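The values are calculated or read from the model by the stated rules, or taken from the named source; none is laboratory data. Please read all numbers here as calculations on a predicted model, not as lab measurements. All Cβ positions, glycine included, derive from the backbone under ideal geometry; neighbour counts span all protein chains shown. What goes into the accessible areas is simple: the full protein's heavy atoms, side chains included, and nothing from ligands, DNA or RNA. Shrake-Rupley method; radii C 1.70, N 1.55, O 1.52, S 1.80 Å.
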Amino acid sequence: GFVVQLAGNLDAVAQAKELRDAGACGIGLFRTEYLFLNRDILPDEEEQFEVYRSLLVATENRPVVVRTLDIGGDKLASALHHGAEQNPFLGLRGIRLCLRERRDILRTQLRALLRAGVYGSLRIMLPMVTLPSEVREVRDMIRTLQQELAREKLEFASVIPIGAMIETPAAALQAEKIAASVNFFSIGTNDLVQYTMAIDRGNERVTYLYQPAHPVILESIARCVRAARRHNIWVAVCGQMAGEPEYTPLLVGLGVHELSMDAEALGPVRRVIRAMHMHEAEEAAKAALAADNAEEAVEISLRLLRRVAPEIAALLSQ
């Protein structure tokens, strides 16, 4: 009786058909930063509008989650002239950059998204949220832009769901407060693990600490799910963890509503979900939350996987 949607992650409109053919219910993450990288001139409103409109048309009215510009950290655009930072992963990135220094970029992007929203089922997601006030600030900007578009007699979406990426410990700890201002959560497990475990994902000397199934990470996800239930919003996971079958029983058991991944992961993850009963997944998640370490939590998940989808478990062991 519990429905889990399987969506796709993409960087370009051309990938939409591949995801649709693989059975994705929609787009759980469209990374717009690739419109800004490797160019000297920023994309204007019309260029962005055409990209977003094309994506919505290509997905044939399936839900599309578009992440606003997520530049910073390991992704820098020369056109932004963003100065070097001593520790860019903890610096001005994602929604911070757009609200503090480049509101012009966010304003242009939101106008293009509002205009494109009439062509399909569009949702807007804000990256690197740390404070509830950041969401409220963007909502105020959207209301102002809608009034502006109305005065210009341009078509625009009057209602667009707004979501927050949960990828910082601060956002996970404040999930209850953030949930009051959004329509959905999307958990970016890659950064959530990195920031929670205090590691640089690109540093091979500490990769042993990159543990998506560590009980503290699972508890952060569970906290988000509990807050979402109280506020009647849905929770997605769009990080790498979503497309790895060894974690599927735990994410489903925690109550995640949507898993968003690359096209090639959709088949194996779908097979695992269809093979399980919800009570089995919930029991596995409960046991994993009580585990002492990530290895124990993964083994709990794999035990269920070996029983219900042995062929998938066998592939993982190769």
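Residues in the range 248-301 that are out of contact with any Cys (no Cβ under 7 Å at 6 or more places or on another chain), closer than 24 Å to Met165 by Cα and outside any helix (DSSP H, G or I): Gly255, Val256, His257, Glu258, Leu259, Met261, Asp262.
In this entry, Ser121 passes the filter for residues that are among the polar types (S, T, N, Q), modelled with pLDDT of 95 or more, open to solvent by 30 Å² or more (accessible area, probe 1.4 Å) and under 25 Å from Asn9 (Cα atoms). Test Gly255 against the stated conditions and say whether it is under 19 Å from Ala22 (Cβ atoms), within 18 Å of the chain's Cα centre (by Cα) and among the small types (Gly, Ala, Ser). So Gly255 does not fit the description; no.
Within the range 229-243, if we keep just the residues that are out of contact with any Gly (no Cβ under 7 Å at 6 or more places or on another chain), open to solvent by less than 10 Å² (accessible area, probe 1.4 Å) and not β-branched (Val, Ile, Thr), the residue that is farthest from Pro161 (Cα to Cα) turns out to be Met241.
Candidates in the range 1-31 are the residues that are touching a helix residue (DSSP H, G or I) at 6+ places or on another chain (Cβ under 6 Å) and not aliphatic (A, V, I, L, M); of these, the one that is most open to solvent (accessible area, probe 1.4 Å) is Glu18.
Only one entry in Ser301, Ser260 is under 29 Å from Pro132 (Cα atoms) and hydroxyl-bearing (Ser, Thr, Tyr), namely Ser260.
Which residue is modelled with the highest pLDDT, if the candidates are limited to the range 49-92 and must be open to solvent by less than 20 Å² (accessible area, probe 1.4 Å) and over 30 Å from Glu155 (Cβ atoms)? Ranking the candidates gives Gly91 first. On the given criteria, is Ile221 hydrophobic (A, V, I, L, M, F, W, C) and within 16 Å of the chain's Cα centre (by Cα)? Yes. Inspection of the range 37-46 finds no residue satisfying the criterion of being over 20 Å from Leu97 (Cβ atoms), touching a helix residue (DSSP H, G or I) at 6+ places or on another chain (Cβ under 6 Å) and aliphatic (A, V, I, L, M).
Within the range 80-93, residues that are farther than 10 Å from Met128 by Cβ have Cβ atoms under 6 Å from residues that are modelled with pLDDT of 75 or more and among the small types (Gly, Ala, Ser) in these pairs: Glu85/Gly91, counting only partners at least 6 apart in sequence or on another chain.
Quick grid of which residues meet (1) under 15 Å from Gly188 (Cβ atoms); (2) crowded, with 17+ Cβ neighbours inside 10 Å; (3) of a type outside the set (A, V, I, L, M):
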position	(1), (2), (3)
Pro132	no, yes, yes
Val135	no, yes, no
Val138	no, yes, no
Gln146	no, yes, yes
Glu155	no, no, yes
Ile160	no, yes, no
Ala164	yes, yes, no
Ala170	yes, no, no
Glu176	no, no, yes
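Taking the numbered list (1) free of Cβ contacts under 8 Å to residues at least 12 places away in the same chain; (2) among the polar types (S, T, N, Q); (3) within 25 Å of Asp200 (Cβ to Cβ) in turn, Ser317 passes all entries but (3).
Pairs linking a residue in the range 95-115 that is β-branched (Val, Ile, Thr) to a residue that is open to solvent by 10 Å² or more (accessible area, probe 1.4 Å) and in a helix (DSSP H, G or I), with Cβ atoms under 7 Å and 6 or more positions apart or on different chains, are Ile95/Glu134; Thr108/Glu45. All conditions in (1) in contact with an Asp or Glu (Cβ under 8 Å, 6 or more places away or on another chain); (2) closer than 19 Å to Glu45 by Cα; (3) among the β-branched types (Val, Ile, Thr); (4) in contact (Cβ under 8 Å) with a residue 40 or more places away in the chain hold for Ile124, with the sole exception of (1).
The residues of the range 255-271 that are surrounded by 24 or more Cβ atoms within 10 Å (Cβ to Cβ) and aliphatic (A, V, I, L, M), listed by number, are Val256, Leu259, Met261. Being touching a residue at least 24 places away in the same chain (Cβ under 8 Å) and in contact with an Asp or Glu (Cβ under 8 Å, 6 or more places away or on another chain) is the filter; apply it to the range 190-211 and report the residue that is most open to solvent (accessible area, probe 1.4 Å). So, considering only residues that are touching a residue at least 24 places away in the same chain (Cβ under 8 Å) and in contact with an Asp or Glu (Cβ under 8 Å, 6 or more places away or on another chain), the one most open to solvent (accessible area, probe 1.4 Å) is Gly202. The C-beta contact set for the range 230-242 (first residue closer than 9 Å to Asn183 by Cα, second residue assigned to a strand (DSSP E or B) and open to solvent by less than 20 Å² (accessible area, probe 1.4 Å), distance under 6 angstrom, 6+ apart or interchain) comprises Ile233/Phe184; Trp234/Phe184.
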